[in-house]
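Structure first, commentary second.
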Protein chains: 4
Amino acid sequence: MVREQKRGEERKERILEAALGVFSRRGYRDAAMDEIAGESETSKGGVYFHFPNKQTIFLALLDRMANLLMKRAEEAIAVEPDPVKRIDAALLVVLKTFGDHRSLARLFLVEAMGAGREFNNKMLEMRRSFAGLITRHLDDAVSEGAIPPLDTNLAGVAWFGALNEVVTHWVLESDPEPLEHQYPALRDLLRRSIGVPQSTQIDNETNGNMA
Amino acid sequence: MVREQKRGEERKERILEAALGVFSRRGYRDAAMDEIAGESETSKGGVYFHFPNKQTIFLALLDRMANLLMKRAEEAIAVEPDPVKRIDAALLVVLKTFGDHRSLARLFLVEAMGAGREFNNKMLEMRRSFAGLITRHLDDAVSEGAIPPLDTNLAGVAWFGALNEVVTHWVLESDPEPLEHQYPALRDLLRRSIGVPQSTQIDNETNGNMA
Amino acid sequence: MVREQKRGEERKERILEAALGVFSRRGYRDAAMDEIAGESETSKGGVYFHFPNKQTIFLALLDRMANLLMKRAEEAIAVEPDPVKRIDAALLVVLKTFGDHRSLARLFLVEAMGAGREFNNKMLEMRRSFAGLITRHLDDAVSEGAIPPLDTNLAGVAWFGALNEVVTHWVLESDPEPLEHQYPALRDLLRRSIGVPQSTQIDNETNGNMA
Amino acid sequence: MVREQKRGEERKERILEAALGVFSRRGYRDAAMDEIAGESETSKGGVYFHFPNKQTIFLALLDRMANLLMKRAEEAIAVEPDPVKRIDAALLVVLKTFGDHRSLARLFLVEAMGAGREFNNKMLEMRRSFAGLITRHLDDAVSEGAIPPLDTNLAGVAWFGALNEVVTHWVLESDPEPLEHQYPALRDLLRRSIGVPQSTQIDNETNGNMA
DNA sequence: GATGAATGAGCATTCATTCAT
DNA sequence: AATGAATGAATGCTCATTCAT
């Protein structure tokens, strides 16, 4: 029984992987359940046994990406005491994560937008939770006196948007250079935007290069 | 003859208006040519007489929005001698333009993304041209000594993304407040991000914080 | 499993039969997939599950007729040692086969011609293979000394055409008499055309003239 | 007024020529009135002024070919006293006429067949009238004692079919040699089929080559 | 006579989803 | 659990024909 459960999970996993490939290759609307079934070495009925419909599969993938990002960002933040450096760390980890998963990034930032009315709420919620994460940490930095007061709500949204756009360009480009190369300049831009004192900024100038 | 031409143009215009409504109500894929025809008080054949296919209509609408934005931004910039204020002016005009055309904004920022592979190039091109506009003026500001040197390419992309995201939230929200309300905080954030000296900033500080 | 396969084949067969009816009633272009589906007691999707498109169904029917004819003709030929009688036998069998399948005959000789450019190659190939069959046996007859030398390639084509035309008239006529009635006269005509010696001809003279 | 009439006729002629090109290039069904209009330097409305519908244009073209063939054949026959030679002459003239008008031949023999139910009667009638022409002259030959009695009705049909098929192969072939090359062999075949005495046949063996 | 905008019925094909086996 | 045959609604696009100007 336990074995069967595992087999079930494996199958489910295979379906999700196949779906990721198909969705990011064809886009949400042009992805056919047939192709997802074929690519996951199942039958169409098999897919429908594990997922009630196409939308759910897409949403599961979206959630997976969101959780992956969130988790990694929180982890990176957790080990860093300095509020400003926390944000730097989170930024880097997000760039790295997207950079390693271009398909997921495309799904998340490109395909999900116009996938249909049904996804708008979900998208808004996700975007809000990312912006909220940023806002929260900016609030921390403000209350610790590391940066001057500002509209952190707006900053959260705007930062997410800036990041988003950089990644989107990278996703849409046919032959892009590694996403992480954008880190130093983006970090400086964002820091400045919230009035991080020059001194701190110099401190970290060194790690302009990363893996 | 002139009258006929005008009639033709009017009909074309009616179709575009109807299409805008349908596209932004249903999304690109779920928009039916039938509905566009119905809403423009034409027949399906009539629509196809004026446009070769669905894609072309969508693209025409996208172009229209892009041109509208570009034109207004350039105009706002043209009358402003101070490089920093130029950017402020452009920002405001973009917020106002989107704010007045929520449907077009939705089309431009939300629906166009996942409309299909065929639109990706067009989208990238448009996003690049906006980012490029910003970059160009940032370069001017740098060369005039108004702001310190920075990676203006990245800044262009990031600014466009920030703006984009703010507008997108506003588009997806069910009951949003006027988009222009975001102007002061966004302006400050962006200014700071490029190291605009505090003094200039104080000038406009009046309409500062909002929740 | 075997049962399922059989069910699948039955369904496919039903579709082909329905298609034959519809194609020969309406012609290739005016045949609607809807009608084929309806007549085969399936849904449109069902038809498309078994055949990728309309063209393929038509081609399958054409192939079926061609194979049926070829097979029967070869069989009739196989049991007959005398080269001239072989040809007589083949002729008779072709007339009988068409005579028993007026719809297929119409499809094969009338509808297939103007069905569209896509079918021209196929048609030419089929016509060539029939003409070739005749040519081959005429060659045999020549080499056995049963008939004098002649341009057997041309004769193959011409014979096929003669046969074709006789059948076509019969197909297009609103109230035709049995096709086989044409056999004796056609046989004599064809025999004479290749110079079959009178003696052999007399053998079968019995069922000679008809109006 | 006379000039206008002439202009009208010219226009009509241009339309027919254009239609011939389009029909034989695309086939009856795939020929668009738009293209016919464009190619005849008229408007769609213009075409409809001169012809009530598409079918009529096609029929006019068919008639034209039929008349051309008939007329030339009758002419060739008229100047020839010997009944057997008459038939030879008609055959040659038909081969030449088709050979010089491959588009018309395609229209007449290929496209017309599957153009739709509406044309079947017309086609049958045309085929009958050609077969009838042959039959008539065979009857003459019989009554003059030039050939032995035979089923001339069938022979007419079969001959027309033989000729038809030879021309059809030539039409469908991608790179055919001149149609007239088939004349000598076809003539001999047909002669033999009606039992033309050997002597006559030898007489004409000379003109195996033609213009 | 001519034009070309407009009409609208028609149609092949796709695809998410269901369900008997 | 899994299969794959079957469903049927949905939709972009074509084109002969009409008719106001």
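The values are calculated or read from the model by the stated rules, or taken from the named source; none is laboratory data. Only a predicted model underlies this, so the values are computations on that prediction, with no experimental measurement involved. All Cβ positions, glycine included, derive from the backbone under ideal geometry; neighbour counts span all protein chains shown. Surface areas here come from the heavy atoms of the whole protein model, side chains and all, with no ligands, DNA or RNA. Shrake-Rupley method; radii C 1.70, N 1.55, O 1.52, S 1.80 Å.
Structure above, values below:
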quantity	calculated
Pick from region B:45-57, criterion within 13 Å of DNA strand E (Cβ to nearest atom) and open to solvent by 10 Å² or more (accessible area, probe 1.4 Å), ranking: nearest to the chain's Cα centre (by Cα)	B:F51
Count of residues meeting criterion [within 12 Å of DNA strand E (Cβ to nearest atom), open to solvent by 10 Å² or more (accessible area, probe 1.4 Å) and among the aliphatic types (A, V, I, L, M)] in region D:7-44	2
Failed item in (1) of a type outside the set (F, W, Y); (2) within 10 Å of chain B (Cβ to nearest Cβ); (3) open to solvent by 20 Å² or more (accessible area, probe 1.4 Å), with A:V196 passing the rest	(3)
Members of region A:137-158 that are touching a residue at least 12 places away in the same chain (Cβ under 8 Å), farther than 28 Å from B:R106 by Cβ and open to solvent by 20 Å² or more (accessible area, probe 1.4 Å)	A:H137, A:D139, A:D140, A:E144, A:A146, A:P148, A:L150
The listed residue being within 30 Å of C:P184 (Cβ to Cβ) and either at pLDDT 90 or above or in contact with an Asp or Glu (Cβ under 6 Å, 6 or more places away or on another chain) (or both), out of D:A90, D:A60, D:A76	D:A90
Contacts under 7 angstrom Cβ, first residue in region D:184-198 being free of Cβ contacts under 8 Å to residues at least 24 places away in the same chain, partner open to solvent by 20 Å² or more (accessible area, probe 1.4 Å) and not in a helix (DSSP H, G or I), 6 or more apart	D:A185/C:D151; D:R192/C:G195
Condition met for D:R187 (open to solvent by 30 Å² or more (accessible area, probe 1.4 Å), over 23 Å from C:N120 (Cα atoms) and basic (K, R))	no
Residue list for region A:86-102, filter: in contact (Cβ under 8 Å) with a residue 60 or more places away in the chain and surrounded by 18 or more Cβ atoms within 10 Å (Cβ to Cβ)	A:I87, A:D88, A:L91, A:L92, A:V94, A:L95, A:K96, A:F98, A:G99
Test for A:L95: is it within 14 Å of chain B (Cβ to nearest Cβ), away from DNA strand F (no atom under 11 Å from the Cβ), aliphatic (A, V, I, L, M) and more than 19 Å from A:L107 (Cα to Cα)	no
Total residues in region D:164-179, condition more than 19 Å from D:F130 (Cβ to Cβ) and in a helix (DSSP H, G or I)	1
Flag if C:G161 is within 9 Å of chain D (Cβ to nearest Cβ), assigned to a helix (DSSP H, G or I) and open to solvent by less than 50 Å² (accessible area, probe 1.4 Å)	yes
Of residues in region A:103-134 being touching a helix residue (DSSP H, G or I) at 6+ places or on another chain (Cβ under 6 Å) and away from every other protein chain (no Cβ under 12 Å), the one most open to solvent (accessible area, probe 1.4 Å)	A:S103
Test for A:E80: is it out of contact with any Phe, Trp or Tyr (no Cβ under 9 Å at 6 or more places or on another chain), among the acidic types (D, E) and more than 21 Å from B:F160 (Cβ to Cβ)	yes
Any chance B:D100 is within 24 Å of B:L172 (Cα to Cα) and either within 14 Å of chain A (Cβ to nearest Cβ) or away from DNA strand E (no atom under 14 Å from the Cβ) (or both)	yes
Among (1) closer than 30 Å to A:T135 by Cβ; (2) away from DNA strand E (no atom under 16 Å from the Cβ); (3) away from chain B (no Cβ under 14 Å); (4) not acidic (D, E), the one test that A:A60 misses	(2)
So A:A146, is it more than 11 Å from chain B (Cβ to nearest Cβ) and not in a helix (DSSP H, G or I)	yes
Residue match in region A:2-13 (condition: within 11 Å of DNA strand F (Cβ to nearest atom) and at pLDDT 95 or above)	no
Residue within region C:65-83 that is open to solvent by 60 Å² or more (accessible area, probe 1.4 Å), within 14 Å of chain D (Cβ to nearest Cβ) and more than 15 Å from DNA strand F (Cβ to nearest atom) present	no
Tabulated pairs, region A:15-44, first farther than 25 Å from B:N120 by Cα and basic (K, R), second at pLDDT 95 or above and part of a helix (DSSP H, G or I), C-beta under 6 angstrom, 6+ apart or interchain	A:K44/A:M33; A:K44/A:A37
Among (1) basic (K, R); (2) more than 14 Å from chain D (Cβ to nearest Cβ); (3) more than 12 Å from DNA strand F (Cβ to nearest atom); (4) over 17 Å from the mean Cα position of the chain (by Cα) - the single one C:R26 does not satisfy	(2)
